[in-house]
Structure formats: structure tokens, C-alpha cells
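What follows is a short report on a single structure.
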Amino acid sequence: MPTRQATPATAHTKRGLDGDRVLTAFCVGLPVLGLLLFFLYPMAIVFLRSITVADGTYGLGNYGEVLASKGFWRATWHSMAMGGGTTVLSVLLGFVIAHGLHRCAFRGKWLIRAAIVLPLLAPSLVQALGLIFLLGRNGLVNRFFGLEMDIYGFWGLLIANTLYALPQAVMIIGAALVLLDARTYEAAEIMGASPSRQFRDLTLPAVRLGLLNAAFVVFTITITDFGNAAVIGGDYSVLATEIYSQVVGQRNFNMGAVVGIMLLLPTVASYAIERQAMKRQKGQQGTNSQPFVPQFTPVRDLPMAAINFLIAVLIAAVIAIVVFASFVRLWPYNFELTTRHYNITLAGGYGSLWMTIVISLMAAAGGTLAVFLLGLGLRRVPSALAQPLQVLAAMPAAVPGMVLGLAYILTFNSTATPLYLLYGTAALIAIINFYHYHTQAFLTLQTGFRQLPPALEEAAGSLGAGLGKVAVNVVAPFIAPMLVSVFFFLFMRSMVTLSAVVFLTTPKLNVAAVTIMRLDDAGLTSQAAAFSTVVMAVVCAALIGMKAVLAVMGRGQTRPAKG
Amino acid sequence: MKNHIFAVSASLLALAAASAAVAGEITVYTALEEEEIAAYAAAAQATMPDVELNILRLSTGKLGARILAEAGNPQADVIWGWAVTAMMDPQILDMLEPYAAKGSEVLGDAFRDADGRWFAPVGYMGAFCVNTARLEQKGLPMPKSWKDLEDPAFKGEILMPDPNSSGTGYLHVNAVLQTLGEEAGWAQLAAVDPNMAQYTSSGSKPCKSARTGEYTVGISLAFTAMQSIEEGYPLAMVFPEGGVGYELEASGLMSSSDNKDDAKAFLDWTMSEEAIDLYRQYKALITIPGVGASAAAEKAGLPADISTVLADVDFVKSAAGQNAIKATWKEKFGR
């Protein structure tokens, strides 16, 4: 976006200028204040811990010790290889799916849309169990075909990470594809450009930011993920397992903090590379955008539909098998159907479910608003300020959930500041859920904002509309599809994320993901699967309900963009 | 409207402040198993109706991370039933206040801190979880000892927790080292290393993987083994010859507690007759002298004198040597 940061502002009349300045300051200031308090400040405390050496003084001894260890370099190499592999696979498949959904014509897209969100609303235990039940050494595939395939290790971890990253890649790449102007394609058609030429010269350049953003997100969440590595990675040690081993295994938070801080480096580097790559490309200059309605083209659409449905079936199978297993007496030895695993009394029972919904709605609503304001404001501040803020906003995904959770304890369980009032509250859990997924929410909206023709804002501005009006009447409707997907994304993740919140729940405040973990810890894996199934059903019901509300609200309203 | 919001939030704040100050409420951090906690807490609550017991359960490792992260402003009044090897970490000991719970004086010296900061009336044991269906399918002999696991036929069929990530992993490694002696112990671990399919980060995972037939042998916990057998999995629990590793579950009073009277009353309860009766129901390993074989131990197929299957473990040595042992282990077997 640096190429055209200042353009909309210059078009404003003097009358609206001062009010707009205040509003811009508010748009940028509020979300940035949030990032400072709830991300940068806790991470600064983690940094301090990473340089706190054994005798309590500050120094770089911990870093020296980590850098000198063989295990660290092995884990670093593993993490980079895994991050790279997952990125290539997820972005490729993510593009295929997003392209299929937005640029191809075939029936049953809702099935693919439904399947692709499953990994987002599934508790991590479900994905791990599903893969093992399907592809494990004693899994269905091996038993059915009499194979001895071993999933544990690089390949299993690659599949698990891709499964988790794919929906997020589709969300971000989709944000670049959904708003591509149909007229450009009509013009290309008239000028005789072949479909492959249109793809190469129109689609690819337009989707480049989306692809880069998706690659960045996938790489980052892969190198910070512990859950998949622990269950399916086997002996393939990665940096996140190193942190776990230091912090949880050896009660040595300072050493874990060192690895946590070092995980920020590849992330910042890859984001810088991405920004650099985008500088060479200019934004789209269309003045008005017409939604693209693909025509059925058998050569393109039949293979695309086939691949899309294949991926959707694979994803759905992983989740479905766990749902099924929650209804059988003793997986994989007794397939008699039963609902006995749904009779859950331990670990707080179903009590945590409702509080989790409240927390998730808070995180989704507050989070969507915050990234919207930030995206809006960043278009109007000088790039010297916007660029560092963009890096900051894109960084949170680089922090493993466990590190963020412990950082929150260190930060907010201190009576030194009034922020202590938040400790032990549902609000703090909603806040950590949002900041844990800030990167994805922010980059999805940024990708969408990029499609917004500056001329649209300029026109509204020159007609005398202030920033507030432009935001509500022009920008929000235009990027509404992204706002909706960000809201749903934050809601789904908040319902099931575990790694950070496990450190913030209290005896009186429990969340569903922690109940699932406790049931599994107690050896009651089938009950954990049953509870997960209930959570997934509740999330699905909530999503359908919210979609219905949106449909009712949207009825009769047309996007001004269609003008 | 604004005034309303202010009034509501002011009263909420007042309420929060008031409830924090109310006597008769304690926060207890524990790593005991869920079903035990439910039974003990119900009984303790009935004995102490005026005290509200707020209990937080986390696994041993996560609880440690949380207690240390909260060290600047500890939230717990009591640590209840937590691995003594973790409890003896100097960072933790510094947070405890000596208190001799009523009844804890009967415990042997090995089962309570010389300075009175912790006492451990119960504990848990490690075990091999052997999937009998897979054992048969692979035509493998039932392993009876660590030595048996050296058999190349077990290659890729054994799981064990990584001692650097899991207290259960350390429990086993430490038991082998203390029963066989350092040199023979490391040699034993090296002999089984080629057969290990994975070193996991969770202590119960090897048993859970074995019970669903992913692997044949999971070096894990007796609790998970017993629970799995009860669920109906084709699983055998084996205590390796020469002694199995075990861990004490220690309790102590946080010196930061602002309700020490109730915290002490709760600790007293954990040594009461009522509590001991419940231990006999749930615990295979009870360190209180004169408490005979428990129902739980009998169910597990343990001999009347349980000490015959336990490794000879010195917990002070286990705790003191853990950093060095974990580092050596990582050097030798880290993957």
C-alpha cells in the first residue's frame, strides 16, 4: 500500500480536514494502543526474561547457551524445512480452492466452503485424532489396504500443518480474488486475450499480495505451532517443541523465552521480503468494481471442481471420523454405537461451553472492529508511520500461543499497573484470543483494502463526505465480505484455541478447549472427542445463525460499489 | 446512560474487591487426576462447608509453568498433589512456607521435607502399557523388563516420554539410573534407544498410543494403564522387573497466601482419616504407614507389599540431579 497511502487524504476539502484528522488519529490510535498494551508490552517482558541470566542480572548468556546447543540448530532446520514445505503446499492448494470458489463456475461450492472452515472450528485434538484414526499405523487406511504406512514424522506433520493452514490461506487469497473487477476481464475478452493470458496478466498480478500474505501467515503459524508437532511429528523436533521442553519440561521460562524471541526473526524477515516484493507492484487503478460472475468453461471448471471436491472430502473425512469415533463404544476395537461418551461429568462438564461462546463473540466483534479501524487509518497516515505499524500488526502470529499465554501472566498478574484488573477475567481471554490471531485478521482485511479503488474514496471525499461517512457508507460495504470472514474466523478460533488460554483460565472461569484437554489428560479420549463434537456443532449452529442474520440485514441493500 | 454504566462498573469493581477479600475462600492448584479431585473435593467441601474451594487442575508440567509465571503475585494458596521432583525445584521451594499438617508427622522422612515445606502421603507409578492384540499380531514376547525391550523384534514398536519434556519420562529414566547405577543405567537406556519409535512430549501419550494399537509398548503411567484396561482396551500393565519408577504427590502451603487458616485446614484434611479412606479407593501408592493394600492397588494386580515392585528411588537425589541427567539424556538420545 505504500504506493498510494496519501492519495485519498489529499482529495479532501479543507472543511472536513480537521475532523478527519482527529478521526484518523482515533482509527489508528485505538488499535495501535491495543497492540502496544496487549502484544508489544507482554513481548517486551518476555524479552527481558530472555536476557535474565541465572543470577538475576541481565546478559546475553541464555542466547549463547541456546545458540551453542546442537538441538536448537536441528530444530531450527526442521522448523524452516517444515515452514517452507507447508507454505508451498498450502498456498498452492489454497490458491486452487480460492480460484475455484471465486473464478470458476461449478455446482456445490457451498460444500467446499463448508469443508474448508472445518479445520478452523475443530479443536486441535480433533485434527490430530482424525489423522491418526485415518492414516495412523493402526488407522483405517492401513488396516483396509493391509499397509504399514507410518505417518509420524515429517510427512504426517506436513499434512497436519497444511490441514490447519489451508483455510487461512484460502481466506486471505480469497480476499484478493473476490473483488477483482469483472470489467477488466470483459475488456480483455473483447481484445481477444486468451483465458490463460487473462490468468497470467490479470489474475496473477492482482492476487500477488494475497499470495504473499498467505505465504507469510502459513509460514509463521507453521513454525510456531506446537500441537501438531507434539502429536504427529514423532521425533521431528521443531522450535516450538524446544520451547515446550524448556518451559514445561524443565521449568526454565527464560530459556524458552530466548527461543520465543528468536522465532520473531524469520517472521520479521519474511514480512520485510514480502513488503519489498510488493513495492515493485502498483495497486489496481480501477475506479469502480463490478463483481465477476464466472461462466461455465468445461476445460477449466471440470478439473478445478474435481480437485476442489477431492480436497474438501479429505478435510471432511479427518473431522468426520472423530465425530463417528465419539459415537462408538471403543475405537478401534468395538464399533457398537453408543452415546455414553456424551455423558460428561468430569473436568467441569458442559459448563464451560456458554462462557466460551460469550468470550468468542467478544473477541470476534472487538477484533473485527479493531482491524477495520486500523486498516482504514493506515491508508491515511504517512508511509513512514504506516510501515512500522504494519510490521507490528503482522507480528503476533510469530509468537507461539504458550509464550503469549505465559507473557500475559507475567504482564497482567502484576499489581504494578491497573491492567491487573483484567487478570482472571473473561475479557482478558477474549483479548488474548484476538491478539493471538491478529495477523490473520489484519492481513485478510489489508488484502481486501488493496482492492478498494482509491478513486471511490476520493470521489466520496470530494463530494464532502468526511472520513466517518466514507468509512461507513463506502469502505465498509465494499469490504463487507472480508469483515464477515474475519469475524467468523476470530469467532471459530476463539471457540477452540487452547495453547494461550490454558494459562489464563481460573477455577471459576473455564473454557471449552481446556475442558477438552482435561478430559484427554484424564485418559478419556472418547469423551474429549464427544465434547469436541458438541463444540463443533455449537459453532456450526452459531455460524448458520449469524449468516441468516446477515442475509436478513443485507436484504434490499446493494453495494454502493455497484453504483 | 453514562452514569448507569459508571455505577454498574463501579459496583462490579467493588464486588470483585470484596470477593477477593472474603475469608473462607482458597485457591488450590493440583495435578491429581480428575476423578480423584472430584471425590476428594466433595468430601473436603462437606467437612469445611464455610470454605469455598477453588480448584485448578493442570498437568504437572503446565502447572509448573503457571506457578512460576505467577511467582510475582501468586494466585494459589495451596499446591496439592504435585510431583515432588517438581516441588523440590528451588524456584518452587522458595515460594512455600513450612507447615506440618496435622497427621503428616506419621510420614517417613523420605515422604516429607526436612524443613516442613511439603509432605506426600500418596504417589503414582510408572508402568509399561502393552497392547496384547498388537503383541500377538506381531508375534512378540510379553516384555517383563527393560532388558526385554532390547530385543530387535521391538524395533519401532516402543514409545517413551522425553524426560526433558515430561516428568513421567524423567521418572522412568531416573528409576533405571538409580536401580542399575549410573553406568549400567545409561547402558540400558542406550540398548533400548534403537527400538524407540518416538520420544513423546506427553507422559500419558505412550499409553494412549499403545491402547489404540498404534504401537505395541508404551512406557507410561500405571494410572492411564488401569483406566484403559477398565475401558476395555486390549492392554496389559507391566511393572518392569528390577523396579518401576514412581513419583510422590506432594502438597504445601504458599507463603503468599492471604488465607492461611483455611489453607492449613485444607492441608490438615488431606491427612485426615476421611481422606486416607478415599486414597485407599483411588491410590495404588500410599506412603502412610499402616495403611494396608488399597482397593486400587489390588485392582491393579499389585502385591500386598507394594515396595517389592517399586524401584529404590531417593527423591532428594532425583530432584538434585535432574538438570544434569536431562542434559546428558539429551546429549545421548535427543532426536
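The values are calculated or read from the model by the stated rules, or taken from the named source; none is laboratory data. It should be emphasised that the depicted structure is a prediction, and the values quoted were computed from it without experimental measurement. As a convention, Cβ positions derive from the backbone with ideal geometry for all residues, glycine included, and neighbour counts pool all protein chains shown.
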Within region A:348-362, is even one residue outside any helix (DSSP H, G or I) and either touching a helix residue (DSSP H, G or I) at 6+ places or on another chain (Cβ under 8 Å) or more than 30 Å from A:I243 (Cβ to Cβ) (or both)? yes
Only listed residue being loosely packed, with under 15 Cβ neighbours inside 10 Å, under 30 Å from A:F449 (Cα atoms), of a type in the set (V, I, T) and at pLDDT below 90, chosen from A:V293, A:V299: A:V293
Can you tell me which residues in region A:498-527 are within 11 Å of chain B (Cβ to nearest Cβ), part of a helix (DSSP H, G or I) and in contact with a Gly (Cβ under 9 Å, 6 or more places away or on another chain)? A:V502, A:F503, A:V514, A:T515, A:R518
Can you tell me which residues in region B:37-54 are touching a Leu at 6+ places or on another chain (Cβ under 9 Å) and facing chain A (nearest Cβ under 10 Å)? B:I37, B:A38
Take region B:173-197 and flag every residue that is under 21 Å from B:A236 (Cβ atoms) and in contact with an Asp or Glu (Cβ under 6 Å, 6 or more places away or on another chain). B:V192
It is to be established whether one or more residues within region A:272-289 are modelled with pLDDT of 80 or more and either over 19 Å from A:L67 (Cα atoms) or aliphatic (A, V, I, L, M) (or both). yes
Counting only residues that are away from chain A (no Cβ under 11 Å) and surrounded by fewer than 20 Cβ atoms within 10 Å (Cβ to Cβ), how many does region B:146-177 have? 7
If I ask for residues that are of a type outside the set (A, V, I, L, M, F, W, C) and buried (at least 22 other Cβ atoms within 10 Å of the Cβ), which ones from region B:37-58 would you list? B:Y40, B:R57
B:M237 within 19 Å of B:L310 (Cβ to Cβ) and part of a strand (DSSP E or B): yes
Yes or no: A:M495 without any contact (Cβ under 8 Å) to a residue 40 or more places away in the chain, assigned to a helix (DSSP H, G or I) and among the hydrophobic types (A, V, I, L, M, F, W, C)? no
Could you tell me whether B:E230 is of a type outside the set (A, V, I, L, M), assigned by TED's automatic domain parsing to the domain that holds B:T179 and without any contact (Cβ under 8 Å) to a residue 12 or more places away in the chain? yes
Going residue by residue through region A:182-202, is there one that turns out to be under 15 Å from A:A128 (Cα atoms) and part of a helix (DSSP H, G or I)? no
The number of residues in region B:60-93 that are without any contact (Cβ under 8 Å) to a residue 24 or more places away in the chain and more than 9 Å from every other protein chain (Cβ to nearest Cβ) is 1
A careful count of residues in region B:191-210 that are more than 9 Å from every other protein chain (Cβ to nearest Cβ) and either touching a Phe, Trp or Tyr at 6+ places or on another chain (Cβ under 7 Å) or over 11 Å from B:L149 (Cα atoms) (or both) gives 6
Just checking: which of the helices (runs of 4 or more DSSP H) contained wholly in region A:364-458 hold 2 or more residues that are more than 14 Å from chain B (Cβ to nearest Cβ)? A:383-394, A:426-436, A:438-451
From the list B:Q227, B:Q322, which residue is within 14 Å of chain A (Cβ to nearest Cβ), under 17 Å from the mean Cα position of the chain (by Cα) and closer than 23 Å to B:T85 by Cα? B:Q322
If B:S220 meets every condition in (1) hydroxyl-bearing (S, T, Y); (2) modelled with pLDDT of 95 or more; (3) outside any strand (DSSP E or B) apart from one, which number is that one? (3)
In region A:216-244, how many are within 19 Å of A:V268 (Cα to Cα) and within 8 Å of another protein chain (Cβ to nearest Cβ)? 0
Please work out which one of (1) surrounded by fewer than 17 Cβ atoms within 10 Å (Cβ to Cβ); (2) in a helix (DSSP H, G or I) is the condition B:K264 fails and give its number. (1)
Among the listed residues A:R143, A:R113, A:R137, which satisfies the condition of being closer than 26 Å to A:A529 by Cα, crowded, with 17+ Cβ neighbours inside 10 Å and of a type in the set (D, E, K, R)? A:R137
Can you confirm whether A:M482 is farther than 26 Å from A:V322 by Cβ and out of contact with any strand residue (DSSP E or B) (no Cβ under 7 Å at 6 or more places or on another chain)? yes
Matching residues, region A:121-143, being in a helix (DSSP H, G or I), hydrophobic (A, V, I, L, M, F, W, C) and at pLDDT 90 or above: A:L121, A:V126, A:L129, A:L131, A:I132, A:F133, A:L134, A:L135, A:L140, A:V141
May I ask you to say which residue of A:V248, A:V258, A:V238 is modelled with pLDDT under 90 and buried (at least 24 other Cβ atoms within 10 Å of the Cβ)? A:V248
